[in-house]
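Read-outs: derived from the displayed coordinates by stated rules, not from any lab. Bear in mind the structure is a predicted one, so any value in this text is a computation, not a measurement. Note that each Cβ is placed from the backbone with ideal geometry, even for glycine, and that neighbours are counted across all protein chains shown.
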Amino acid sequence: MNKEQTNKISRVGFLRSVGIITAGTILMPRSLFAQNSPVITIKNEAAKASISVQSLRGNIYLLQGSGGNIAVFNGPEGILMVDGGIAVSRKKIAAAIKGISTKPIKYLINTHWHFDHAEGNEWIHKTGATIIAHENTKKNLGSKITVKDWNYTFPPAPKEALPTIIFRDEHKLKFNGTEIQMKYYKPSHTDCDISVYFPGADILHVGDTWWNAHYPFIDHDSGGTIDGMIEASNYNLSVTTDKTMIIPGHGAVGNRNQLLQFRDMLVAVREKVGALKKDGRTMQETVDAKPTAAFDAQYGNFVLNGAFFTKLVYADV
């Protein structure tokens, strides 16, 4: 299978897992977000989606098909996961992991609190795994939170789903013969995003601070900002090289050049939207001016289109 075929499969798997493909029809953002809540659609589609497994390097694998990208690190001490997907995918995720190794899941790291990354916490913890996350992830999971842009209120997660090892700035874990490094970004996509670096394999999981080839969602109700997203991108660029494999929260595994393009897109859109708002344009007038036009063909055909992303940025600048 060539790289183009792999990327195509990954893209289709991602779309299906987040509810953009239904019965062979592509739902564009307007129809997706017009429903009661995209959260319900995403969960329903995740229940039907298959889980794909991609071998990366250094005994690290990528699982796609249940919301956000899941990394699985296999070794003599057992399994470590980065993000656990959506709960309805439990059986398929468990089967995919058993296809990699029959060793127990020892650790689960949450890159942030969103349901498509952390809803699997409860069942994974019940298998015996210890959950590690930023302190704000535990706070958010344990709270009732309404995400207005999703038209959905999340109830507090059960105790079994809450992280038991939490940190404020950074955390290191020695496991399977390597030191796994976790680092807090400061508010970006949310107020609890972290990166997870595997130095032996030179693989960096950046969670939802990067959506490869997609406009990202910025969760204002959880402290996310466009400036924070740009700062997170700058950090990711500062700690990677052209050889680093970068796992985004959504989309195919990418590289530093793709991340650089994403960062430059964020900066350009922020500047254009900011200038329009400073000029007195309303949100709708700013959307009508199409400040994302130069990037829509590359980033605007999936979960968020240019208009929706413009509204997210407008709220920040």
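Summary of values
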| read-out | value |
| --- | --- |
| Under 16 Å from the LYS48 label point (7 Å along Cα→beta-carbon), backbone N, region 85-115 | 88-89 |
| Sequence-separation-based contact order of region 3-314, relative, with Cα cut under 8 Å and 6+ spacing, percent | 14 percent |
| At 1.567 mPa s and 4 °C, Stokes diffusion of region 209-269 via Kirkwood alpha-carbon radius, µm² per second | 111 µm²/s |
| Net +/- balance of residues flanking THR286 in space, Cβ distance below 10 Å, scoring K and R +1, D and E -1 | +2 |
| Residue-averaged 222 nm ellipticity for the chain, from DSSP H runs of 4+ at -39500 (n - 2.57), nearest 500 | -10500 deg cm²/dmol |
| Net lengthening on full extension, ALA268/LYS91 (0.36 nm per residue, minus Cα-Cα) | 59.5 nm |
| Computed E for GLN261/LYS311 - FRET, C-beta separation, R0 22 angstrom, nearest 0.05 | 0.50 |
| As computed over region 138-207, the Cα convex hull volume per residue (Å³) | 107 Å³ |
| Label point at ILE165 placed 7 Å out along Cα→Cβ; residues across region 78-93 whose backbone nitrogen lies under 12 Å | 80-81 |
| THR130/MET283 FRET efficiency (R0 41 Å; Cβ-Cβ; nearest 0.05) | 0.40 |
| Highest-first arrangement of 65-76, 137-148, where packing means the average Cβ count within 10 Å | 65-76, 137-148 |
| 22 Å tail of the calculated P(r), region 203-317, as % of Cα pairs | 29 percent |
| Across LYS278/LYS311; LYS144/LYS277; LYS43/LYS272; LYS144/LYS186; LYS138/LYS186, pairs whose alpha-carbon gap is larger than 24 Å | LYS144/LYS277; LYS43/LYS272 |
| Cα centroid separation - region 236-294 against region 192-224, whole Å | 14 Å |
| Size of charge dipole - the chain - debye, nearest 20, with Cβ of Lys, Arg +1 and Asp, Glu -1, no other charges | 740 debye |
| Amide H contacts under 5 Å for ASP191, placed H, 5+ residues apart | GLY224 |
| Kyte-Doolittle mean at least -1.0 and Cα axial length at least 20 Å: DSSP H helices in the chain | 3-17, 256-278 |
| Candidate aspartates and glutamates for bridging to LYS172, where Cα separation is under 19 Å - those fewer than 8 sequence places away on the same chain excluded | GLU77, ASP83, GLU135, ASP193, ASP202 |
| The chain - Rg and Dmax from Cα coordinates, angstrom | 18.4, 60 |
| DSSP beta bridges in the chain [antiparallel fraction, %, rounded to 5] | 70 percent |
| Gained length - SER238 relative to SER37, 0.36 nm times residue gap less alpha-carbon distance | 68.7 nm |
| Proportion of all alpha-carbon pairs of region 101-249 beyond 19 Å (%) | 52 percent |
| Local electrostatic count, THR127, Cβ distance below 13 Å [Lys/Arg +1, Asp/Glu -1] | +4 |
